[in-house]
Every structure is written in structure tokens, then in C-alpha cells.
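The next block holds one structure in the form of C-alpha cells; read it before the comments.
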Amino acid sequence: EGLWHGAWLALSALGIMLGLRAAYVAFLLWRMRSRARRYARLDLSTYSAKLKGIADGTIPEEHRGQADRLRRDEERVRRRFAGLSADADYYASSPLGWKQGTIITWAGMRGVVTLAAAQTLPTTGIDHRSLLIFVAFLVAVFSLFGQGFTLASVVRALRIPPASDDDAASDEHLRLDAELGAAAATALADPTLTRADGTAFSEGMAANVGTRMTEPRDAVLTGRMREILELRIVIIEAMRDRLVEISTHGGYSTSTLRRALAELDADQISLELRLDDGDD
């Protein structure tokens with residue numbers, strides 16, 4: 001029925017998808033607010049005192065039976081409690097309102113996946129296949145150009161204040177850095193520490209390297225410098241393993257964990273590039 005008919009169908013489909021996405025995001029935000037209220041009602045200090053009493057044996061007599069049950073699975077209970085505490089802190093410090101929901105909805109642009117999905121329609125047995133592909137193409141175009149070019153304007157119009165790295169977040173970063181530093185020290189003290197080819201590091205190398213993680217600037221890699229770089233990669237791997245273990249306990253926010261992982265990845269990529277350049 002002409003190009004205008006296809007364009008009208010594409011605009012209608014885009015409007016329907018935005019409406020469905022808005023409804024879904026609104027549901028998610030409602031669930032987050034409900035969960036935040038539930039966590040706010042939790043008396044975590046009471047649970048913490050009970051766990052401490054179980055650990056030091058000072059739990060009141062009337063709670064002995066419950067303490068015995070909890071003691072049998074104390075580690076799992078502690079991990080669960082740490083996760084609840086982290087969730088409560090997250091929902092209290094990172095509330096999402098209708099402004100954030102609007103951005104999430106508007107940022108959900110259609111693209112090449114939409115068009116590729118339409119291309120998977122069978123060539124036989126499907127009425128108006130060419131029209132459907134044309135509509136999918138226009139939806140992607142309208143979405144990428146319309147939503148993409150106006151996203152910055154939408155954010156400015158909503159006047160959302162920029163995130164600030166407050167003291168609590170800084171303390172959390174310091175605590176996580178301390179744990180990763182301890183993991184690096186443990187790896188350095190491991191007597192089975194070996195290089196990439198399985199050979200042992202030179203005597204005293206671990207003590208000389210210590211916790212130094214700054215990249216050397218030498219243009220040419222000597223044998224000793226290569227050994228230092230390999231040892232630092234081993235340390236980073238140990239820190240990454242510890243980071244994965246920490247992430248399962250729920251004691252740190254996702255943003256802090258993501259930042260630490262990005263730093264480790266960047267350091268390792270930089271060191272591996274240095275080694276590759278040295279080989280060339």
C-alpha cells in the first residue's frame with residue numbers, strides 16, 4: 001500500500017515497544033522500591049548480635065536450640081547476612097525514580113538485531129515478508145536516530161545531578177583494595193609460585209617486587225624485567241581470583257567490584273602487551 005503505509009506501521013510498532021518497555025521498567029522500579037522498604041524494616045543489628053553470640057558462645061539460653069542449628073551452617077548464614085546488608089545499603093544509597101526509569105526506557109534503542117531477526121523469517125509461507133523487513137528496518141532507523149540523537153537532551157531535561165564519590169564509597173574502595181593487596185601478598189608468599197613456562201622465579205624476586213604494581217618504562221625488556229612482568233601477572237591473577245570470591249559474599253557494591261575488575265584487566269592487558277612487544 002505504499003511507503004507511507006510501511007512508515008506508519010513502523011512508527012506504530014516503535015510506539016508499542018516503547019510503551020511495553022516503559023511498563024516493564026515501571027514494574028522493575030516498583031519491585032525495587034518494595035524491596036527497599038522491606039530491607040529498611042529489617043533489624044540487621046539484631047541479626048548481627050545473634051551471629052556474634054553464636055560465634056563467641058554467649059547466646060542466651062533460650063536461643064540455644066536455634067544457635068545449634070545455625071552453627072551447623074554458620075558460613076552460609078554469614079554470607080547470606082553479608083548479602084542482605086550489602087543489598088540494604090545499595091537500595092538505601094542508590095534509589096531509582098521515574099527520571100532514571102525514563103532514561104532506561106528511552107535508551108532501549110532498536111538496531112541491527114531487530115533487522116537481523118526480521119531477516120530470519122522464512123521466504124515461503126509468510127505473507128508480506130518484504131513489508132515486515134521494511135518495517136523492521138524503519139523501526140531501527142527511527143529508534144537509532146530519534147532516540148539516539150535526543151538521549152542527551154532527555155537527560156539534560158530531567159536534570160539528574162551527577163553521581164558523586166562520597167566518603168562511604170571511598171572507604172569501600174579502600175577496603176576492597178586492602179583485600180586485593182592481601183591476596184597479592186599471599187600469592188607472593190606461595191612457595192609453588194612459578195613463571196608462565198613452569199620454571200621458578202629467581203631467588204628474592206618476590207621480595208624485590210613486593211606489592212609494586214607500577215609499570216616500568218624501559219624500552220627494551222631485559223631478562224630480569226621480563227621476570228618482573230610475569231610475576232606481576234601472576235599477582236593480578238591471584239587478585240582476580242580473590243575478587244571473584246569476594247563478589248559471591250555480597251559485601252561490596254556492584255560498582256566497586258566492577259571498578260576493581262576493570263583496573264585489574266587494564267593492568268594485565270598492559271603487562272601482556274609489554275611482554276608481546278619484548279618478544280617482537
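The values are calculated or read from the model by the stated rules, or taken from the named source; none is laboratory data. Not measured: the values here are computed from a predicted model. Reconstructed Cβ throughout: ideal geometry from the backbone, glycine too, with neighbour counts over all protein chains shown.
Miscellaneous remarks
- Any hit, segment 118-133, residues being within 29 Å of L28 (Cα to Cα), surrounded by 11 or more Cβ atoms within 10 Å (Cβ to Cβ), without any contact (Cβ under 8 Å) to a residue 40 or more places away in the chain and in the same structural domain as A22 (by TED's automatic domain parsing): yes
- Only residues that are assigned to a loop (DSSP other than H, G, I, E, B) and either farther than 20 Å from G19 by Cβ or in contact (Cβ under 8 Å) with a residue 60 or more places away in the chain (or both) were counted in segment 99-117, giving 2.
- Helices (runs of 4 or more DSSP H) completely within segment 161-280 that count 2 or more residues being surrounded by 13 or more Cβ atoms within 10 Å (Cβ to Cβ) and at pLDDT 80 or above: 167-189, 223-247, 254-279
- Against the test of being modelled with pLDDT under 75 and among the aromatic types (F, W, Y), the options Y24, Y47 yield a single qualifying residue, Y47.
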